[in-house]
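The values are calculated or read from the model by the stated rules, or taken from the named source; none is laboratory data. If you're wondering where the values come from, they're calculated on a predicted model, not measured in any experiment. FYI the Cβ positions are ideal-geometry reconstructions off the backbone, even for glycines, and counts take in every protein chain you see.
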Amino acid sequence: MFILWLLKLGIKNIKAKVIRIESKDYYVRTDEGEITRCSLRGRYKKEYELKKNKQSVLDIVCVGDIVDFEKSGDDAGVITNIYERNNFISRKAPKIKGATFRGERLEQIIAANIDYFFIVSSFDEPRFNNRVIDRFLVVAESSNLKPIIIINKIDLDEDNDIVEWVKIYKKIGYNVIKTSVETGYNINKLVKLVKGKTSIFWGMSGVGKSSLLNKIYPQLDLRVGEVSDSNNKGRHTTVSVKMLCMEDETYLIDTPGIREIDPYGIKKEDLGHYFAEFYPHHLECRFNTCTHNHEPGCEIEKKVEEGIISPYRFESYLNILHTIEDDMLF
Ligand code: GDP
Ligand code: ZN
């Protein structure tokens, strides 16, 4: 009897990936490319309420989640199981009604099961901004995501001024790829990297994310040069996250409307852990809770003075540290 029930369950449950969420509708895609609109089973709704009451998550399912669903009609279904995530990217939800609990901002999960987190920047127009990159690197390191730094619009760098920045990030161990949509430089490298993987492209407005995606997959035909969303910093409870599914099982996550994120749940004393080059030295600080901010016997500050740690990276670190200090919600 039990085996029969198991068999039946096996047939009924279809594994799929969540590719889009619209209000209470979850669009899931099977490996064969079939898309079904699903709702959430009651048990999950209850679980969600429970979690929310413990002031943690805003949503229980996110784009990129792997789920099982049962068909409930020709093109409708019910999600019956959510698999554990390999990783996920989240932020503090905007401080608005519906996204807070007792005045505290909930954790808003943006996407899950990501192979590559492309941090997209540009050499110029907008000007190269190392602080933004460092902030995203903290997000990547704290969320178990593999970051790859793209410096686009390299055609504008006639004198190879970017070389010093590339050195800084390569020395720490990050993969840095200079690209140009204009000349096609290194686009092939990106094509090879994203193939068969799930990637998210993130960066400030105007750095060329849509242009890069269009260059990689011309059939995408994304709109280029739209800057309006930069004024739209998270005034909505729902984030607009889209997963673009290519025929070769390549998934690209586009996040129009979110250009910056407040990392969720990073404590002051942990921030240094997310600066990869601090890691070998932080145990040498006199205090094990050292935040590397003028404490006596700080080894990190010493390494900056000795030129072993980049002063720009240290500056970014202090900057982020101060935003944590200012914000009691961390
Ligand atoms: P997004 O906001 O990050 O998606 O940026 P877009 O893809 O919309 O591009 C913003 C602007 O930068 C557009 O005018 C593009 O034509 C331009 N652009 C994109 N890539 C390059 C590049 O490699 N070189 C130069 N010179 N301009 C670029
Ligand atoms: Zn220290």
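Of note:
- When the residues of the stretch 289-306 are filtered to those that are in contact (Cβ under 8 Å) with a residue 24 or more places away in the chain and part of a loop (DSSP other than H, G, I, E, B), the one that is nearest to ligand 2 (Cβ to nearest atom) is 292.
- Selection count where residues are modelled with pLDDT of 75 or more and surrounded by 20 or more Cβ atoms within 10 Å (Cβ to Cβ), scope the stretch 221-242: 1
- Residue count for the stretch 307-330 satisfying the condition of being surrounded by fewer than 19 Cβ atoms within 10 Å (Cβ to Cβ), within 19 Å of residue 164 (Cα to Cα) and away from ligand 2 (no atom under 14 Å from the Cβ): 4.
- Single condition residue 219 does not satisfy, out of (1) farther than 27 Å from residue 90 by Cα; (2) assigned to a loop (DSSP other than H, G, I, E, B); (3) more than 10 Å from ligand 1 (Cβ to nearest atom): (2)
- In a residue-by-residue description of the stretch 182-202, the property of being hydrophobic (A, V, I, L, M, F, W, C) and assigned to a loop (DSSP other than H, G, I, E, B) applies to no position.
- Tally of residues being closer than 17 Å to residue 206 by Cβ, part of a loop (DSSP other than H, G, I, E, B), touching a residue at least 12 places away in the same chain (Cβ under 8 Å) and charged (D, E, K, R) across the stretch 117-152: 2
- For the stretch 154-184, filtered to residues that are touching a helix residue (DSSP H, G or I) at 6+ places or on another chain (Cβ under 6 Å) and farther than 14 Å from residue 121 by Cβ, the residue that is surrounded by the fewest Cβ atoms within 10 Å (Cβ to Cβ) is 183.
- Qualifying residues in the stretch 264-288 (those that are within 11 Å of ligand 2 (Cβ to nearest atom), modelled with pLDDT of 90 or more and not in a helix (DSSP H, G or I)) - the one nearest to the chain's Cα centre (by Cα): 278
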